[in-house]
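The values are calculated or read from the model by the stated rules, or taken from the named source; none is laboratory data. The structure presented is a predicted model; accordingly, all values stated were derived computationally and were not measured. So basically every Cβ, Gly included, is an ideal-geometry build from the backbone, and we count neighbours across all protein chains shown. Surface accessibility is based on the protein's heavy atoms, side chains included, excluding ligands, DNA and RNA. Shrake-Rupley method; radii C 1.70, N 1.55, O 1.52, S 1.80 Å.
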Amino acid sequence: MNHILYSVEELQAVFGGSSLIHRADASIRTILTDSRKITDAGQALYFAIKGRRDGMVYIPEVYRGGGRSFVIADPAFDTSRFPEANFYLVDNTLTALQQLAAHHRSRFQYPVIGITGSNGKTVVKEWLFQLLSPEYHVVRSPKSYNSQIGVPVSVWEMGRENTLGIFEAGISQTGEMENLTRIIQPGIGILTNLGEAHQEGFLSREEKLTEKLKLFRDVELFIYPAKYLEGYKQLIPGRKQFTWAYSQKSDLEIIDEALFDTKFKRIKARFKGQEIQVTIPFTDHASVENGINCWATLLALGYEPQEIEVRLKKLLPVNMRLELKNGINNCSIIDDSYSLDLSSLAIALDFLKQQNQHPKRTLILSDMPDLSTDQGMLYAKVAALLENKSVDRLIGVGRQIRQYAGQFPMETLFFETTDELLEKTASLKFFNETILLKGARSFEFERISKVISQKVHETVLEINLSALEHNLNFYKSHLKPGVKLMAMVKAFSYGSGSFEIANLLEFNKVDYLAVAYADEGVS
């Protein structure tokens with residue numbers, strides 16, 4: 001991806017305020033909000049955002065990592081310690097981040113879909129990516145990046161090579177959607193549903209719905225399940241609306257659902273006076289609702305019902321988090337073989353870098369989908385990302401990535417196909433290393449995962465690291481400034497995995513890790 005470069009003069013115009021410029025020729029193409037995830041440091045702009053921790057504290061760390069451009073909100077900050085850096089002084093660094101993202105968004109005229117709702121935003125976004133990719137070069141929110149920080153980070157990835165944007169927006173209280181609307185500027189809006197999630201930030205269901213609908217105030221097309229707006233007294237947004245509902249008048253009227261072959265749900269509906277149907281490879285209520293939202297969207301966009309039926313039947317499940325598993329020969333396996341693009345690769349590499357339980361980090365990577373006309377530039381960026389994230393060995397799969405073998409400075413090995421790699425698995429000598437699997441769907445990397453993962457019994461205890469991180473940050477938010485935090489990781493982290501839990505806690509800057517015996521501390 002060849003991201004638009006922003007000059008010092010353009011950044012000064014966006015931010016206003018004062019600035020201290022030591023490098024007038026500097027250009028920016030990457031934004032950073034987390035000192036632990038430094039990438040493309042020489043052309044990165046670090047926003048010192050004040051949240052649970054003050055981002056100003058980490059400026060020296062980013063500077064040591066090569067960062068030379070900073071957005072700060074403290075006029076008393078001693079910039080003399082950073083003689084090669086540019087500083088932009090603003091009133092609020094989060095607001096400045098959102099202003100820059102909105103400015104970047106305004107440079108593109110291709111369609112943008114905005115999605116909000118209480119649940120299902122990420123699944124609908126990912127499924128629409130699967131369904132629309134044959135016609136569009138899609139840029140989308142990575143994972144569930146839908147917050148006040150996540151949305152600008154997502155929109156920043158918009159590029160000239162894209163032809164469609166899909167971004168989700170999540171809010172937890174009134175006043176938040178206004179900022180996200182200015183950044184996303186959607187022309188097409190989708191409301192997934194309206195449930196009880198995040199209800200505590202609103203006085204009533206009506207207030208919550210009104211706040212969410214602000215995202216769609218200027219859209220040409222608004223797609224929504226009719227039942228969630230029943231009784232809504234205010235103006236429904238969209239110059240054109242497309243509704244769906246069960247057995248009541250709507251653009252897509254669902255008239256029947258039935259199980260098919262135990263793993264599929266067949267759904268029949270009336271559309272433009274005719275009966276149509278689709279089959280989706282899921283049976284639970286949430287997936288069916290998400291599937292119908294996607295069905296309605298494709299119909300509203302003008303796709304033929306027969307083509308939609310073919311595509312919906314091939315929908316793939318969305319893995320909402322990176323999966324860490326035990327592997328053969330004392331290895332750890334990070335299985336993220338669901339999809340592949342630069343944004344999701346960067347997120348997975350951050351997770352790989354957190355893992356310190358083994359001395360070696362290996363990435364098994366397939367050809368990147370054809371996201372750019374300039375493949376050389378694409379793989380140069382991939383190579384820089386791998387080097388920045390401390391990857392020790394790259395195993396490439398595909399003819400395309402093999403052509404750019406010389407770009408990668410680490411130990412490398414290449415195979416043309418997944419079958420060829422599987423045939424040579426024994427000779428790869430996986431031992432005491434962390435292995436990240438990251439492949440495009442067509443390469444079927446789940447087959448590699450089965451071979452190199454340790455065989456397990458039917459009974460599984462699953463530890464959700466994302467939930468653990470959420471809980472940790474919740475408790476940290478209730479501590480007074482200066483209060484330190486000690487986390488117990490004794491007894492194999494109470495059976496949940498010492499390496500994995502301790503790595504996550506350390507990454508989130510817990511002050512102390514506590515063990516019961518000296519050998520646990522050594523481990």
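Assorted remarks:
- Over region 392-523, the reciprocal of the mean inverse Cα-Cα separation, the Kirkwood hydrodynamic radius, stands at 18.4 Å.
- Using alpha carbons only: equivalent-ellipsoid semi-axes of region 290-428, gyration tensor based, whole Å: 32, 19, 16
- Cα centroid separation - region 92-170 against region 411-465, whole Å: 31
- With a Förster radius of 56 Å applied to the C-beta separation of GLU10 and ASP519, the computed FRET efficiency comes to 0.50.
- Contact order, relative form, for region 100-171: 47 percent (alpha carbon pairs under 8 Å, 6 or more residues apart, mean separation divided by residue count).
- Rounded to whole numbers, the Karplus 3J(HN,Hα) couplings from phi for region 21-36 are 10, 9, 10, 5, 8, 5, 10, 10, 9, 10, 10, 10, 10, 9, 5, 7 Hz, using 6.51 cos²θ - 1.76 cosθ + 1.60 with θ = phi - 60°, and x at Gly and Pro.
- Under the Karplus curve 6.51 cos²θ - 1.76 cosθ + 1.60, θ = phi - 60°, whole-Hz ³J(HN,Hα) for region 46-52, x wherever Gly or Pro sits: 9, 9, 7, 7, 9, x, 5
- Label-to-label distance, nm, for residues given as THR163 and LEU428 (7 Å Cα→Cβ offset): 3.4
- Whole-number accessible area per residue in Å² for region 226-282, which is evaluated in the context of all protein chains at 1.4 Å: 64
- Backbone amide hydrogens, once placed in the peptide plane, bring SER332 within less than 5 Å of GLY327, GLU433, THR434, ILE435, excluding anything fewer than 5 places away on its chain.
- For the chain: relative contact order, % (alpha-carbon pairs under 8 angstrom, 6 or more apart): 10
- One decimal place: the segment LEU385-ASN326 gains 18.7 nm when fully extended, by the rule 0.36 nm per residue minus the C-alpha distance.
- Those residues of region 77-120 whose amide nitrogen sits under 14 Å from the label point placed on HIS22, 7 Å along Cα→Cβ: 78-88
- For a straight C-alpha distance cut-off of 21 angstrom, the lysines reachable from LYS313 (same-chain residues fewer than eight places away being disregarded) are LYS121, LYS125, LYS263, LYS265, LYS268.
- Listed residue pairs exceeding 23 Å between alpha carbons, taken from LYS325/LYS438; LYS50/LYS214; LYS37/LYS381; LYS325/LYS381; LYS212/LYS476; LYS37/LYS509: LYS50/LYS214; LYS325/LYS381; LYS212/LYS476
- Positive-end ranking of GLY327, ILE21, ILE115 along the dipole of the chain, with charges on Cβ about the Cα centre, is headed by ILE21.
- Largest accessible area first, the listed residues SER523, SER477 line up as SER523, SER477 when surface is computed with a 1.4 Å probe on the assembled protein chains.
- Cα centre as origin, Lys/Arg/Asp/Glu Cβ charges: region 38-136 dipole, Debye: 160
- The heavy atoms of TYR58 offer some 40 square angstrom of accessible surface to a 1.4 angstrom probe.
- Cleavage-rule hits, trypsin sites (Lys or Arg not before Pro), region 77-168, DSSP coil, Cβ neighbours within 10 Å at most 10: ARG107
- The share of alpha-carbon pairs in region 46-115 lying farther apart than 21 Å comes to 35%.
- R0 of 35 Å, Cβ-Cβ distance ARG447-GLU304: FRET efficiency to nearest 0.05: 0.55
- Maximal additional length on extending the GLU206-ASP392 stretch stands at 61.6 nm, based on 0.36 nm per residue less the C-alpha distance.
- At an R0 of 35 angstrom, the distance between the Cβ atoms of MET410 and SER133 translates into a FRET efficiency of 0.70.
- Between the alpha-carbon centres of region 21-65 and region 343-406 there is a gap of 22 Å.
- Dividing the Cα radius of gyration of region 120-257 by its Kirkwood radius returns 0.96 for Rg/Rh.
- Mean shadow area of region 35-153 over all directions, Cα convex hull, nm²: 9.2
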